[in-house]
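Note sheet for the following structure.
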Amino acid sequence: MRTVEIGKGTLGTTTLLQKGVCVPGASGASVGEFLEQSLGLSPEYIDTDVRTIFLNCSPVDDIDGVHVKDGDVLSLSAAMPGLVGIAMGRNTAVSGFRSDISAKDSGEVPEGDALVTVKLFNLVAQDAGPAILARGVVVSVEALKSALGDAAPDVQPDEESVILRVV
């Protein structure tokens with residue numbers, strides 16, 4: 001897979017982060033470990049700023065007790081407003097009321113390499129997105145062209161995915 005580069009501030013990167021980019025990591029890592037090791041987020045940033053986490057469309061409260069595997073989708077957001085923000089945010093007073101839909105550890109997760117689709121929203125996309133893109137992410141050529149439009153780097157006709165880095 002070929003690496004392509006775009007400049008900082010390229011229009012469309014926030015849209016790309018919202019649609020999702022693939023980040024390599026370790027299958028079997030806890031969500032917290034993945035956030036720190038694969039995305040490079042500090043524990044302090046995770047605790048204070050990443051208030052809403054979804055794994056495969058289920059809200060995550062226990063980032064150390066739920067593990068990722070190849071093909072998972074992890075969505076991250078800062079605090080969301082209103083009732084939805086209170087209900088879906090991590091460790092809120094009402095999070096116990098949604099225990100039926102909350103992410104739970106699925107038991108044994110096969111160890112090895114994993115490619116996890118990461119979606120970033122609002123302040124998390126703004127704050128953490130540039131550093132994550134600078135580390136390099138895997139993105140489909142179709143998504144790249146859709147999000148970046150004319151600013152998309154040139155790709156070969158036979159390429160389905162590329163490694164994207166912001167420099």
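The values are calculated or read from the model by the stated rules, or taken from the named source; none is laboratory data. Since the structure is predicted, the reported quantities are computational estimates derived from the model, not experimental observations. Reconstructed Cβ throughout: ideal geometry from the backbone, glycine too, with neighbour counts over all protein chains shown. To get the accessible areas, we keep the full protein, side chains included, count just its heavy atoms, and leave off ligands, DNA and RNA. Shrake-Rupley method; radii C 1.70, N 1.55, O 1.52, S 1.80 Å.
Hey, any hits in the range 57-64 for a residue that's in contact with a strand residue (DSSP E or B) (Cβ under 9 Å, 6 or more places away or on another chain) and of a type in the set (S, T, N, Q)? Steps first, please.
Initially, the range 57-64 is screened for residues in contact with a strand residue (DSSP E or B) (Cβ under 9 Å, 6 or more places away or on another chain), giving 57, 59-64.
This time we only want the ones that are of a type in the set (S, T, N, Q), so: none.
No, that holds for no residue.
Of all residues in the range 17-36, which are in a helix (DSSP H, G or I) and more than 11 Å from the chain's Cα centre (by Cα)? Break it down into steps so the answer makes sense when it comes.
Taking the range 17-36 as the starting set, the residues that turn out to be in a helix (DSSP H, G or I) are 17-19, 31-36.
If the condition is that a residue be in a helix (DSSP H, G or I) and more than 11 Å from the chain's Cα centre (by Cα), then Gly32, Glu33, Glu36 are the ones that fit.
If you go through the range 31-51 one residue at a time, do you hit one that is touching a Phe, Trp or Tyr at 6+ places or on another chain (Cβ under 8 Å) and of a type outside the set (A, V, I, L, M)?
First, the residues of the range 31-51 that are touching a Phe, Trp or Tyr at 6+ places or on another chain (Cβ under 8 Å): none.
No; the residues of the range 31-51 include none that is touching a Phe, Trp or Tyr at 6+ places or on another chain (Cβ under 8 Å) and of a type outside the set (A, V, I, L, M).
Which count do you get for residues in the range 37-66 that are at pLDDT below 95, small (Gly, Ala, Ser) and in a loop (DSSP other than H, G, I, E, B)?
Within the range 37-66, residues that are at pLDDT below 95, small (Gly, Ala, Ser) and in a loop (DSSP other than H, G, I, E, B) number 1.
So which of Val109, Val138, Val124 is touching a residue at least 12 places away in the same chain (Cβ under 8 Å), touching a His at 6+ places or on another chain (Cβ under 9 Å) and either outside any strand (DSSP E or B) or within 20 Å of Arg165 (Cβ to Cβ) (or both)? First the steps, then the outcome.
Numbers: Val138 fails: touching a His at 6+ places or on another chain (Cβ under 9 Å); Val124 fails: touching a His at 6+ places or on another chain (Cβ under 9 Å).
Answer to the check: Val109.
Quickly run through the range 152-167 and pick out the residues that are surrounded by 15 or more Cβ atoms within 10 Å (Cβ to Cβ), of a type in the set (A, V, I, L, M, F, W, C) and in contact with a strand residue (DSSP E or B) (Cβ under 7 Å, 6 or more places away or on another chain).
Val155, Val162, Ile163, Leu164, Val166
Thr13 passes all but one of (1) within 25 Å of Val166 (Cβ to Cβ); (2) modelled with pLDDT under 95; which number fails?
Unmet condition: (2).
Go through (1) β-branched (Val, Ile, Thr); (2) closer than 27 Å to Ala147 by Cβ; (3) buried (at least 16 other Cβ atoms within 10 Å of the Cβ); (4) in contact with a helix residue (DSSP H, G or I) (Cβ under 6 Å, 6 or more places away or on another chain) one by one and return the number of the condition Thr15 breaks.
(3)
Go through the range 48-70 and give me each residue that's at positive phi and either polar (S, T, N, Q) or open to solvent by less than 50 Å² (accessible area, probe 1.4 Å) (or both). Don't jump to the end; show me each part of the working.
Just the residues of the range 48-70 that are at positive phi, to begin with: 56-57.
Residue satisfying the conditions is Asn56 alone.
Exactly one of (1) within 13 Å of the chain's Cα centre (by Cα); (2) surrounded by fewer than 19 Cβ atoms within 10 Å (Cβ to Cβ) is unmet by Tyr45. Its number?
(1) is the only condition that Tyr45 fails.
Which condition breaks for Ala131 when tested against (1) surrounded by 13 or more Cβ atoms within 10 Å (Cβ to Cβ); (2) out of contact with any strand residue (DSSP E or B) (no Cβ under 8 Å at 6 or more places or on another chain); (3) under 30 Å from Val4 (Cα atoms)?
(1)
Return the only residue of Ala114, Ala87, Ala103, Ala79 being of a type in the set (Gly, Ala, Ser) and part of a helix (DSSP H, G or I). Lay out the reasoning, then the answer.
Numbers: Ala114 fails: part of a helix (DSSP H, G or I); Ala103 fails: part of a helix (DSSP H, G or I); Ala79 fails: part of a helix (DSSP H, G or I).
Matching residue, one of Ala114, Ala87, Ala103, Ala79: Ala87.
Touching a Leu at 6+ places or on another chain (Cβ under 9 Å), more than 20 Å from Val139 (Cβ to Cβ) and either open to solvent by less than 50 Å² (accessible area, probe 1.4 Å) or at pLDDT below 90 (or both): which single residue out of Val23, Val84, Val31, Val109 fits that description?
The conditions single out Val31.
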